[in-house]
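Heads up, the thing below is written out as structure tokens.
Computed from the coordinates by the stated procedures, all read-outs in this text should not be read as laboratory data. As the structure is a computational prediction, the values presented were derived from the model and not from experiment. Cβ coordinates were reconstructed from backbone atoms using ideal geometry, including for glycine residues, and neighbour counts include every protein chain displayed.
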Amino acid sequence: MAAAALCPCQAVLARRGGALRALCGSVRGLAAGTQTHFGFQSVTEEERREKINQVFESVAKKYDVMNDSMTLGIHRVWKDILVHKMNPCPGTLLLDVAGGTGDIAFRFINYIRSARERQLQRKLRQHQNLSWQEISESYQEEQFKPLGDSQVVVCDINKEMLKVGKQKAQYLGYSEGLSWVLGNAEELPFDDDKFDVYTIAFGIRNVTRMDLALQEAYRVLKPGGRFLCLEFSHVSNPIISRLYDLYSFQVIPVLGEVIAGDWKSYQYLVESIRRFPPQEELKAMIEDAGFFKVDYQNLNSGIVAIHSGFKL
């Protein structure tokens, strides 16, 4: 039987619906075809995402070893400085994005444990006349809840990096107050106004749309929440800059080949650092996302920088 004829209103709606679907398809096509960079190569945004995913799948198992080799272990100091700058207190809810292998999360947990221990010691000193039983109960409470209500959520887009992080946490004995979530920094799977602190360490330069990632960081932070970004940046001293370039392009890819069996991935990582915006430009991008009191601290003459901002 022939289909019933559409009335004029239905016909208009059908045409508009078809036009809208076509427009959405065109927008998606344009977004997928938008040109960006992968290191020094020109690629589409979709190609970049796929290539970066392949890089971190390739390097995940050797990621921590290579960090030590590339930075001569100094990355550990940089991460310590980040967590001390954060200065979290018991009860803090932290989101660590691109935190795959858990370096920031574990430091956060250690910091909170130390803060809780100091709180307990102060409490005991203020109550010198406590009985043995009361002192014992205080220590038992600390033993059962060493983090108080603090939690850290590690969010990473790469399954292999999360897998390594979970294995590392199990080996080192981290479990309480720690969770792992597969998620994209450009479209975080969390509610608005959820976290006290958002960190991203050596991850934002691997995000294809940094503007979206910064907007998402702003969205998931509570009012008064803090954004902290630790990333390789631009060296201010020309002599150090030349030496740094020499080391980066001549040594790091060789280390990648020798230690991880992967020259290309570490060549990309070096190139991605050179393509990353300088300190002032990143500061402006963070402000554009809505953050206030944005500033940055250069470490080692700007080899890395810590950017900070607040959602007010």
For the table Lys61/Lys166; Lys79/Lys166; Lys51/Lys283; Lys79/Lys168, the rows whose alpha-carbon distance is greater than 23 Å are Lys51/Lys283
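What fraction of the DSSP beta bridges in the stretch 45-311 is antiparallel, stated in percent and rounded to the nearest 5?
40 percent
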Give the Cα extents of the stretch 45-311 along the principal axes, in whole Å, largest first. 65, 41, 38
Just order 154-164, 171-181, 237-247 by mean Cβ neighbour count inside 10 Å, highest at the front, would you? 154-164, 171-181, 237-247
Spatially proximal aspartates and glutamates relative to Lys85 (Cα-Cα < 17 Å; intrachain offsets below 8 disregarded): Asp96, Asp103, Asp196, Glu231, Asp295
If packing is taken as the average count of other Cβ atoms within 10 Å, what order do 212-218, 100-106 fall into, highest mean first? 100-106, 212-218
